[in-house]
Amino acid sequence: MTDQIKYVLGEKDIPRTWYNLAADLPGGAPMLHPGTGAEITVDDLLGIMPETLARQELSREAEIEIPEPVRQIYAQFRPAPLFRARRLERALGTPARIYYKYEGGSPAGSHKPNTAIAQAYYNKQAGVTRLATETGAGQWGSSLALAGALFEMDVSVFMVKVSYHQKPYRRMLMATYGARCVPSPSTETAAGRAILAEDPDCPGSLGIATSEALEVAGGNSDVNYAGGSVLNHVLLHQSVIGQEAIAQFALADDYPDIVIGATGGGSNFGGLAFPFLGAQLRGGSTVRVIAAEPSSCPTMTQGTLSYDFGDTAGLTPLIKMHTLGHSFVPPPVHAGGLRYHGMAPLVSEALDRDLIEATAVKQLSCFASGITFARAEGIVPAPESTHAIDVAIREALRCRDEGVARTILFGLSGHGHFDLGAYEAYLSGSLRDEEFDPAALESSLAKLPGFVSV
Ligand SMILES: *Cc1c(COP(=O)(O)O)cnc(C)c1O
């Protein structure tokens, strides 16, 4: 069939292993203990996660087996479809072949259950019954709430306050799955109380909410922490996305020249792009890989590559990453899932080695592209995903102008059904481009943990 639009794999094609880019990027900077400066060990992580996940976090093995019970739950929504965006191509008048890998078909509506299910499974195996976490727009919180429901575990979610009010349906979804959702900064933790004492109107940030969740997990022996992005094991679990996409391109008898993903902490981007990069590093075709970040929270294009904390209070190990500084509070843009001060160490490492490029895109342009996409393809994208769409459309128009037919793949990380308020704001003309404040960056970078010799 020449005008095929959907490339579907069967249940047996769900990957049996996760792919770990660290195996093909030797020499990456280790995580460090903030007290001693020594390399983090499995033991250091056991206070907040089970040994299986701690080992995956530090692993340099290329392939790690996916437990069968996890694959069985994946089977409800995986393999996720790969679509050819033929109507979008026509609307743009481009000779480019545009494909998107759609992760919005999971019960929570994004890629995040790929790791939520795995993390809940390993914690349950280890006898842990309670999980604490943070969430931005609520995508991660609702994904962990889903996993908690499936494995009968208690889930507490600290949700960035501005999103808690902007996106009530996500917290209602968490409640429906049986999780508890608290607006952050909250008075439930020392970290939250310290922030509120300084700024009672603080809109919150992922860094602050992470401190609250870590404090609860660290202070209670029966509670573990589950992270939605940034961590190596999270990117590992997301590698099912790119592995499936490679198999689907074989069905399409095509291969991407360009791979694009939206980046908050880097997990859907890494999940999609790393299997392609791994193939390239092992002698396969070269792909141009582009990370699309919001210009209001430009971690890779304006931040610095440095050891920093993953949270505001400084409870995490020191992580070498592109960062705006752990005290940076991004403006309240609607792509709440992209408002994080740092970038996954593996994505940062790939950027540092010029294996990928980064570009910053503006909110209004992203919504315009999201609407162009929705009207052509029918799927209303999550505001986060519109960042990848915006860059994909830009590249497709470049193909048109240059008269070159490149193959473009982007990650459609989720649907925007709970974000229609943001679309309404855009359509009614009340949405603005949030300006990035260089002075705020400067003062935040001044608070980087400078005592670490890199
Ligand atoms: C959370 C989220 C993102 C950003 O997080 P990453 O870890 O960078 O993937 C992107 N898209 C959607 C739909 C999300 O929910």
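The values are calculated or read from the model by the stated rules, or taken from the named source; none is laboratory data. All values derive from a computational prediction rather than experimental measurement. All Cβ positions, glycine included, derive from the backbone under ideal geometry; neighbour counts span all protein chains shown.
A few comments on the model shown:
- Candidates in the range 191-203 are the residues that are part of a helix (DSSP H, G or I) and touching a residue at least 40 places away in the same chain (Cβ under 8 Å); of these, the one that is surrounded by the most Cβ atoms within 10 Å (Cβ to Cβ) is A191.
- Applying the set (1) more than 16 Å from the ligand (Cβ to nearest atom); (2) of a type outside the set (D, E); (3) in contact with a Leu (Cβ under 9 Å, 6 or more places away or on another chain); (4) more than 30 Å from L21 (Cβ to Cβ) to P449 leaves exactly one unmet item: (4).
- Considered as a group, the residues in the range 98-132 that are part of a strand (DSSP E or B) and more than 16 Å from the ligand (Cβ to nearest atom) include one that is farthest from G411 (Cα to Cα), and that residue is R130.
- Within the range 135-181, the set of residues being buried (at least 24 other Cβ atoms within 10 Å of the Cβ), in a strand (DSSP E or B) and out of contact with any helix residue (DSSP H, G or I) (no Cβ under 7 Å at 6 or more places or on another chain) is empty.
- Restricting Q76, Q56 to those that are modelled with pLDDT of 95 or more and either over 18 Å from V234 (Cα atoms) or of a type in the set (G, A, S) (or both) reduces the list to Q76.
- In the range 395-418, the residues that are over 22 Å from S285 (Cα atoms) and touching a residue at least 40 places away in the same chain (Cβ under 8 Å) reach residues that are within 16 Å of the ligand (Cβ to nearest atom) and part of a helix (DSSP H, G or I) with C-beta atoms within less than 6 angstrom, at least six apart or across chains, in these pairs: S413/N268; F418/Y169; F418/R170.
- Considering each residue of the range 215-232 in turn, none proves to be in contact (Cβ under 8 Å) with a residue 12 or more places away in the chain, of a type in the set (V, I, T), within 16 Å of the ligand (Cβ to nearest atom) and on the phi < 0 side of the Ramachandran plot.
- Within the range 233-257, being part of a loop (DSSP other than H, G, I, E, B), over 20 Å from the mean Cα position of the chain (by Cα) and either within 13 Å of the ligand (Cβ to nearest atom) or touching a residue at least 60 places away in the same chain (Cβ under 8 Å) (or both) holds for D254, Y255, P256, D257.
Rundown of residues vs (1) within 13 Å of I241 (Cα to Cα); (2) of a type in the set (F, W, Y), yes/no style:
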| residue | (1), (2) |
| --- | --- |
| V259 | yes, no |
| F269 | yes, yes |
| A273 | yes, no |
| F276 | yes, yes |
| L281 | no, no |
| R288 | no, no |
| A291 | no, no |
| S295 | no, no |
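- Residues in the range 375-394 that are among the aliphatic types (A, V, I, L, M) and assigned to a helix (DSSP H, G or I): A376, A388, I389, V391, A392, I393.
- Elements of type strands (runs of 3 or more DSSP E) contained in the range 266-374, each with 3 or more residues being within 13 Å of the ligand (Cβ to nearest atom): 288-294
- Within the range 408-446, restricting attention to residues that are hydrophobic (A, V, I, L, M, F, W, C) and either in contact with a Leu (Cβ under 7 Å, 6 or more places away or on another chain) or assigned to a loop (DSSP other than H, G, I, E, B) (or both), the residue that is farthest from the ligand (Cβ to nearest atom) is A446.
- Of T299, T312, T286, T304, all but one fail to be surrounded by 19 or more Cβ atoms within 10 Å (Cβ to Cβ) and touching a helix residue (DSSP H, G or I) at 6+ places or on another chain (Cβ under 8 Å); the exception is T312.
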